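Here is the structure we will look at, set down as C-alpha coordinates.
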Amino acid sequence: MHEIPIITIDGPSGSGKGTVSRAVAKTLGWSLLDSGALYRLVALGARRASVSLDDGPALAQLAGRIDIRFDSSPGGDEVVWLDGQEVTRAIRTEQAGGDASRVASLGEVRGALLDRQRRFAAPPGLVADGRDMGTVVFPWARPKIFLDASPAERALRRYKQLKEKGVAANLAALSLEIAERDRRDSTRTASPLVASADATVLDTTGMSVDEVIGRVLKIAREFV
Ligand code: DC
(Lines give C-alpha, C1' and ligand atoms only; values in the text may rest on other atoms or scores of the structure.)
Protein backbone atom coordinates (compact mmCIF):
# COMPACT_ATOMS: atom_id res chain seq x y z
CA MET A 1 0.00 0.00 0.00
CA HIS A 2 2.86 2.38 0.81
CA GLU A 3 4.18 2.15 -2.77
CA ILE A 4 1.04 3.78 -4.19
CA PRO A 5 1.52 7.56 -4.63
CA ILE A 6 -0.84 9.57 -2.40
CA ILE A 7 -1.39 13.32 -2.20
CA THR A 8 -3.31 14.52 0.87
CA ILE A 9 -5.32 17.75 0.79
CA ASP A 10 -6.62 18.77 4.21
CA GLY A 11 -8.22 21.95 5.50
CA PRO A 12 -11.31 23.50 7.10
CA SER A 13 -14.83 23.76 5.64
CA GLY A 14 -15.02 26.07 2.63
CA SER A 15 -11.26 26.10 2.02
CA GLY A 16 -11.85 24.81 -1.53
CA LYS A 17 -10.42 21.35 -0.83
CA GLY A 18 -13.26 19.52 -2.56
CA THR A 19 -13.05 21.40 -5.85
CA VAL A 20 -9.25 21.42 -5.85
CA SER A 21 -8.93 17.71 -4.97
CA ARG A 22 -11.35 16.71 -7.71
CA ALA A 23 -9.50 18.79 -10.32
CA VAL A 24 -6.07 17.50 -9.25
CA ALA A 25 -7.27 13.86 -9.32
CA LYS A 26 -8.78 14.37 -12.77
CA THR A 27 -5.65 16.04 -14.19
CA LEU A 28 -3.38 13.27 -12.86
CA GLY A 29 -5.86 10.47 -13.75
CA TRP A 30 -5.85 9.30 -10.10
CA SER A 31 -8.66 8.13 -7.81
CA LEU A 32 -10.22 10.44 -5.28
CA LEU A 33 -11.15 9.86 -1.64
CA ASP A 34 -13.72 12.39 -0.43
CA SER A 35 -13.49 11.39 3.23
CA GLY A 36 -16.00 14.04 4.32
CA ALA A 37 -18.59 12.20 2.22
CA LEU A 38 -17.99 9.05 4.30
CA TYR A 39 -18.76 10.93 7.54
CA ARG A 40 -21.80 12.49 5.87
CA LEU A 41 -22.97 9.00 4.80
CA VAL A 42 -22.56 7.60 8.31
CA ALA A 43 -24.57 10.52 9.73
CA LEU A 44 -27.31 10.13 7.11
CA GLY A 45 -27.41 6.37 7.63
CA ALA A 46 -27.76 6.97 11.37
CA ARG A 47 -30.63 9.42 10.90
CA ARG A 48 -32.40 6.94 8.63
CA ALA A 49 -31.89 4.04 11.05
CA SER A 50 -32.83 6.20 14.07
CA VAL A 51 -29.38 5.70 15.62
CA SER A 52 -28.40 8.53 17.97
CA LEU A 53 -25.64 10.81 16.61
CA ASP A 54 -23.91 10.54 20.02
CA ASP A 55 -23.90 6.74 20.29
CA GLY A 56 -20.28 5.95 19.37
CA PRO A 57 -20.46 2.11 19.47
CA ALA A 58 -23.73 1.94 17.46
CA LEU A 59 -22.39 4.47 14.92
CA ALA A 60 -19.12 2.55 14.57
CA GLN A 61 -21.07 -0.62 13.87
CA LEU A 62 -23.18 1.21 11.31
CA ALA A 63 -20.03 2.71 9.71
CA GLY A 64 -18.64 -0.80 9.27
CA ARG A 65 -21.74 -2.30 7.71
CA ILE A 66 -23.24 0.36 5.41
CA ASP A 67 -22.85 -0.17 1.67
CA ILE A 68 -21.31 2.93 0.07
CA ARG A 69 -20.81 3.49 -3.65
CA PHE A 70 -19.44 6.42 -5.63
CA ASP A 71 -20.37 6.41 -9.33
CA SER A 72 -20.55 8.94 -12.08
CA SER A 73 -23.51 9.79 -14.26
CA PRO A 74 -23.16 9.55 -18.08
CA GLY A 75 -22.56 13.35 -17.98
CA GLY A 76 -19.65 12.85 -15.57
CA ASP A 77 -21.38 14.13 -12.43
CA GLU A 78 -20.82 12.30 -9.16
CA VAL A 79 -23.57 9.97 -7.95
CA VAL A 80 -23.47 8.63 -4.37
CA TRP A 81 -25.31 5.55 -3.10
CA LEU A 82 -26.06 4.49 0.46
CA ASP A 83 -27.42 0.96 0.89
CA GLY A 84 -28.79 1.01 -2.66
CA GLN A 85 -30.47 4.43 -2.37
CA GLU A 86 -29.26 7.49 -4.24
CA VAL A 87 -28.19 10.16 -1.74
CA THR A 88 -26.09 12.49 -3.92
CA ARG A 89 -27.94 15.64 -2.85
CA ALA A 90 -29.09 14.46 0.56
CA ILE A 91 -25.49 14.25 1.88
CA ARG A 92 -24.58 17.76 0.67
CA THR A 93 -27.02 19.80 2.79
CA GLU A 94 -25.72 22.00 5.61
CA GLN A 95 -27.68 19.79 8.03
CA ALA A 96 -25.81 16.70 6.76
CA GLY A 97 -22.51 18.60 7.13
CA GLY A 98 -23.30 19.54 10.73
CA ASP A 99 -24.38 15.96 11.51
CA ALA A 100 -21.17 14.66 9.90
CA SER A 101 -19.09 16.96 12.08
CA ARG A 102 -20.87 15.54 15.16
CA VAL A 103 -20.31 11.88 14.32
CA ALA A 104 -16.75 12.67 13.19
CA SER A 105 -15.90 13.87 16.72
CA LEU A 106 -16.26 10.29 18.01
CA GLY A 107 -13.09 8.17 18.09
CA GLU A 108 -15.07 4.95 17.56
CA VAL A 109 -16.49 6.25 14.26
CA ARG A 110 -13.07 7.44 13.05
CA GLY A 111 -11.55 4.05 13.89
CA ALA A 112 -14.32 2.21 12.05
CA LEU A 113 -13.66 4.25 8.88
CA LEU A 114 -9.87 3.98 8.91
CA ASP A 115 -9.45 0.82 6.83
CA ARG A 116 -12.29 1.78 4.55
CA GLN A 117 -10.45 5.01 3.72
CA ARG A 118 -7.09 3.29 3.21
CA ARG A 119 -8.65 0.87 0.72
CA PHE A 120 -9.23 3.80 -1.66
CA ALA A 121 -5.48 3.80 -2.39
CA ALA A 122 -5.07 2.17 -5.80
CA PRO A 123 -2.64 2.55 -8.70
CA PRO A 124 -1.77 4.84 -10.36
CA GLY A 125 -2.41 7.08 -7.31
CA LEU A 126 -4.85 8.68 -4.87
CA VAL A 127 -5.81 12.23 -3.97
CA ALA A 128 -7.22 12.15 -0.42
CA ASP A 129 -9.39 15.06 0.70
CA GLY A 130 -10.31 15.64 4.36
CA ARG A 131 -9.22 16.88 7.78
CA ASP A 132 -6.79 14.18 8.94
CA MET A 133 -5.58 12.65 5.68
CA GLY A 134 -1.96 13.75 6.20
CA THR A 135 -1.88 13.34 9.99
CA VAL A 136 -3.70 10.04 10.64
CA VAL A 137 -5.04 8.17 7.62
CA PHE A 138 -2.08 8.45 5.21
CA PRO A 139 0.84 9.79 7.30
CA TRP A 140 3.29 8.36 4.72
CA ALA A 141 1.79 10.41 1.84
CA ARG A 142 3.90 12.90 -0.16
CA PRO A 143 3.16 15.69 -0.73
CA LYS A 144 0.75 16.86 1.96
CA ILE A 145 -1.14 20.07 1.34
CA PHE A 146 -3.13 22.08 3.89
CA LEU A 147 -5.52 24.61 2.32
CA ASP A 148 -6.76 27.49 4.42
CA ALA A 149 -8.60 30.80 3.87
CA SER A 150 -10.06 33.48 6.12
CA PRO A 151 -13.38 32.52 7.80
CA ALA A 152 -15.18 35.35 5.95
CA GLU A 153 -13.95 34.15 2.57
CA ARG A 154 -14.81 30.53 3.34
CA ALA A 155 -18.37 31.49 4.31
CA LEU A 156 -18.72 33.52 1.10
CA ARG A 157 -17.44 30.63 -1.05
CA ARG A 158 -19.91 28.25 0.58
CA TYR A 159 -22.70 30.78 0.05
CA LYS A 160 -21.91 31.08 -3.68
CA GLN A 161 -21.62 27.30 -4.03
CA LEU A 162 -25.07 26.77 -2.50
CA LYS A 163 -26.61 29.54 -4.63
CA GLU A 164 -25.17 27.96 -7.77
CA LYS A 165 -26.81 24.68 -6.79
CA GLY A 166 -30.10 26.51 -6.30
CA VAL A 167 -30.07 25.90 -2.52
CA ALA A 168 -31.43 28.74 -0.35
CA ALA A 169 -28.64 30.16 1.85
CA ASN A 170 -28.11 32.96 4.33
CA LEU A 171 -24.58 34.36 4.64
CA ALA A 172 -24.81 35.35 8.32
CA ALA A 173 -26.18 31.93 9.28
CA LEU A 174 -23.52 30.19 7.18
CA SER A 175 -20.74 32.16 8.88
CA LEU A 176 -22.00 31.03 12.28
CA GLU A 177 -22.31 27.40 11.13
CA ILE A 178 -18.79 27.44 9.69
CA ALA A 179 -17.40 28.93 12.91
CA GLU A 180 -19.17 26.24 14.96
CA ARG A 181 -17.92 23.46 12.69
CA ASP A 182 -14.35 24.86 12.79
CA ARG A 183 -14.51 24.95 16.57
CA ARG A 184 -15.77 21.36 16.83
CA ASP A 185 -13.40 19.96 14.16
CA SER A 186 -10.34 21.70 15.67
CA THR A 187 -10.94 21.09 19.37
CA ARG A 188 -12.02 17.42 19.34
CA THR A 189 -9.57 15.00 20.89
CA ALA A 190 -9.90 12.37 18.13
CA SER A 191 -7.81 13.46 15.11
CA PRO A 192 -8.46 17.21 15.34
CA LEU A 193 -8.20 19.40 12.25
CA VAL A 194 -4.56 20.44 12.24
CA ALA A 195 -1.91 20.82 9.55
CA SER A 196 0.61 17.99 9.55
CA ALA A 197 4.07 19.25 10.55
CA ASP A 198 5.35 18.24 7.10
CA ALA A 199 2.45 19.77 5.11
CA THR A 200 2.72 22.70 2.74
CA VAL A 201 0.21 25.27 4.03
CA LEU A 202 -1.46 27.41 1.33
CA ASP A 203 -3.52 30.41 2.41
CA THR A 204 -5.92 30.73 -0.52
CA THR A 205 -7.62 33.96 0.62
CA GLY A 206 -7.94 36.13 -2.48
CA MET A 207 -6.81 33.36 -4.85
CA SER A 208 -9.00 31.98 -7.66
CA VAL A 209 -9.77 28.26 -7.79
CA ASP A 210 -7.63 27.90 -10.92
CA GLU A 211 -4.67 29.56 -9.18
CA VAL A 212 -4.97 27.15 -6.25
CA ILE A 213 -5.23 24.13 -8.56
CA GLY A 214 -2.13 25.36 -10.43
CA ARG A 215 -0.15 25.75 -7.19
CA VAL A 216 -1.15 22.31 -5.90
CA LEU A 217 -0.30 20.62 -9.22
CA LYS A 218 3.09 22.33 -9.24
CA ILE A 219 3.84 21.01 -5.74
CA ALA A 220 2.49 17.55 -6.69
CA ARG A 221 4.75 17.35 -9.75
CA GLU A 222 7.83 17.87 -7.59
CA PHE A 223 7.00 14.53 -5.93
CA VAL A 224 5.36 12.30 -8.57
O1 DC B 1 -15.45 18.07 4.07
P2 DC B 1 -16.87 17.95 4.49
O3 DC B 1 -17.55 19.27 4.73
O4 DC B 1 -17.69 17.09 3.56
O5 DC B 1 -16.84 17.18 5.91
C6 DC B 1 -17.98 17.04 6.72
C7 DC B 1 -17.56 16.89 8.19
O8 DC B 1 -16.88 15.65 8.37
C9 DC B 1 -16.60 17.96 8.69
O10 DC B 1 -17.27 18.98 9.41
C11 DC B 1 -15.65 17.24 9.59
C12 DC B 1 -15.77 15.80 9.24
N13 DC B 1 -14.57 15.23 8.61
C14 DC B 1 -13.61 14.76 9.45
O15 DC B 1 -13.71 14.89 10.67
N16 DC B 1 -12.50 14.15 8.94
C17 DC B 1 -12.35 14.02 7.61
N18 DC B 1 -11.26 13.41 7.14
C19 DC B 1 -13.32 14.55 6.73
C20 DC B 1 -14.43 15.16 7.27
Check: C-alpha center the range 155-175 vs C-alpha center the range 75-121, spacing in Å is 21
Computed ³J(HN,Hα) along the range 124-134: with the Karplus parameters 6.51/-1.76/1.60, θ = phi - 60°, integer Hz and x for glycine or proline, the list is x, x, 9, 9, 10, 10, x, 10, 10, 5, x
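What net charge do the residues around I213 carry, taking every other residue with its C-beta under 14 Å from that of I213, with Lys and Arg at +1 and Asp and Glu at -1?
Its environment carries a net charge of +3.
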Note to self: C-alpha centroids of the range 1-54 and the range 123-142 sit apart, in Å, by 10
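Determine the share of the chain's accessible area contributed by carbon and sulfur atoms, expressed in whole percent, with a 1.4 angstrom probe.
Whole-percent figure for carbon plus sulfur exposure: 53.
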Regression test value, accessible area per residue of the range 13-147, probe 1.4 Å, units Å², expected 41
With bins of 5 Å, the percent of all Cα-Cα pairs of the chain per bin from 0 is 1, 7, 15, 19, 21, 19, 13, 5, 1, 0
Phi-derived 3J(HN,Hα) across the range 16-26 with the Karplus relation (6.51, -1.76, 1.60, θ = phi - 60°), rounded Hz, x for Gly and Pro, is x, 3, x, 4, 5, 4, 4, 5, 5, 4, 5
Close lysine pairs (the chain; alpha-carbon distance under 19 Å; 8 or more apart or on separate chains) counted at 9
Once both label points are put 7 Å beyond Cα along the C-beta direction, the E78-D210 separation in nm becomes 2.3
Per the C-alpha gyration tensor (a ≥ b ≥ c, the square roots of its eigenvalues), the range 98-162 is rounded if a/c is under 1.5, else prolate if a/b beats b/c, else oblate; here it's oblate
In whole Hz, the Karplus estimates of ³J(HN,Hα) for the range 29-40 (6.51, -1.76, 1.60; θ = phi - 60°; x where Gly or Pro) are x, 9, 6, 10, 10, 9, 5, x, 4, 5, 5, 4
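The values are calculated or read from the model by the stated rules, or taken from the named source; none is laboratory data. What you see is a predicted model; the values in this text were computed from it and never measured. Because the Cβ atoms are built from the backbone with ideal geometry, glycine has one as well, and the counts that use them run over all protein chains shown. Just so you know, the surface numbers come from the protein's heavy atoms only, side chains and all, with ligands and any DNA or RNA stripped out. Shrake-Rupley method; radii C 1.70, N 1.55, O 1.52, S 1.80 Å.
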